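Engineer: Input: one structure, supplied below.
Each value in this text was obtained by applying a stated rule to the coordinates, not by laboratory testing. Model, not experiment: these values are computed from the prediction. Virtual Cβ from ideal backbone geometry, glycine too; neighbours counted across all protein chains shown.
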Amino acid sequence: MNGGLVFNETLYPGVEVKYTCDTVIFQDRSEHQDLVLFENPVFGKVLMLDGVTQVTSADEFIYHEMMAHVPILAHGAARKVLIIGGGDCGMAEEVLKHKGVEKLTQVEIDRSVVDFSKENFADFNAPVFDDPRFDLVIADGARFVAETDERFDIVLVDSTDPHGPGAVLFTEEFYRGVHRCLTPGGILVTQNGVPFLQREELVISVRHFSGIYKDAAAYIAAIPTYFGGHMAFGWATDNVEARKTPLDVLQQRFAEADFDTRYYTPDVHQAAFALPRFIGDAVAEGRGDKG
């Protein structure tokens, strides 16, 4: 099927984002969601689930680098990492660039998304499937963190927005499940939407974090695909010093990690926690900070 089509994203009430389509590569409905992959002249391959943009080949590196490298380099000694969701495996690719990571467990509810992404996004995820450290588990993420005997230094929740199958991954019960399977000082990072358009998503997540973890916060990145300004990443840990890691320490750890990035730098890492006032206010509200 060739050009002339338009795909609309209507995630945000009152706003409609349109993508022109050069070619529909694949379109189908799985047990869990509607899936379409098409070519756009600006963003390259665009994957949408239930009408919401998930990943594009042109700017996936921003989201994946910032979600993976910030907590791993802040931690400084991460050996075991857990990804909940992340079916396109772009997050896994970034995590596995860290030589110190001994095992990466990825829990994805829908095998068809992983199989599909393996075939269609090999330009960025191909190394994942040949890496012996990668362990793919097809299961419900909320149940996994509630029941696993394993413990992880980093947990990355690369989820859809809090609708449909992804809604459970924004609940207090889920965040408590993550806390129980983190090692002491371990770090949780979550996808928390675009605060300008999804403020309550961030407020509610931080509110849940603050009742469970000693440090509840957020950091940001600018990702063209996710319309509406900065995207927020939720941050939760019992190590209150982790997000204050000095720049010289981050620089040393990044140099020792010895891989190239296109967005992440230690300076960007540190600056990402300096929030615009309206986002900082949302985090403060979630934490219940007094004015």
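Engineer: Name the shape class, rounded, prolate or oblate, that the alpha-carbon gyration tensor gives for region 140-291, where a ≥ b ≥ c are the square roots of its eigenvalues, rounded holds for a/c under 1.5, and otherwise prolate holds if a/b is larger than b/c and oblate otherwise.
Structural biologist: Taking the square roots of the gyration eigenvalues as a ≥ b ≥ c, region 140-291 is rounded.
Engineer: Stokes-Einstein at 20 °C, 1.002 mPa s, Kirkwood radius from Cα pairs: D for region 2-56 in µm² s⁻¹?
Structural biologist: D = 188 µm²/s.
Engineer: Kindly state, as a whole number, the per residue volume in cubic angstrom of the convex hull around the alpha carbon atoms of the chain.
Structural biologist: 120
Engineer: Right, next: Take each of the peptides 7-18, 81-92, average the number of other beta-carbon atoms within 10 Å over its residues, and list them starting from the highest.
Structural biologist: 81-92, 7-18
Engineer: Now for a separate question. For GLU150 and ASP34, FRET efficiency with R0 = 35 Å and r from the beta-carbon atoms, rounded to 0.05?
Structural biologist: 0.60
Engineer: Could you work out how far apart the two model spin labels at THR265 and GLU172 are, taking each label as a point 7 Å from the Cα in the direction of the beta carbon, and quote it in nm?
Structural biologist: About 4.2 nm, to one decimal.
Engineer: Take each of the peptides 94-106, 123-135, average the number of other beta-carbon atoms within 10 Å over its residues, and list them starting from the highest.
Structural biologist: Peptide ranking by packing, descending: 94-106, 123-135.
Engineer: Further question: With charges set only on the Cβ (+1 for Lys and Arg, -1 for Asp and Glu), what does the dipole of region 177-264 come to about its Cα centre, in debye to the nearest 20?
Structural biologist: 260
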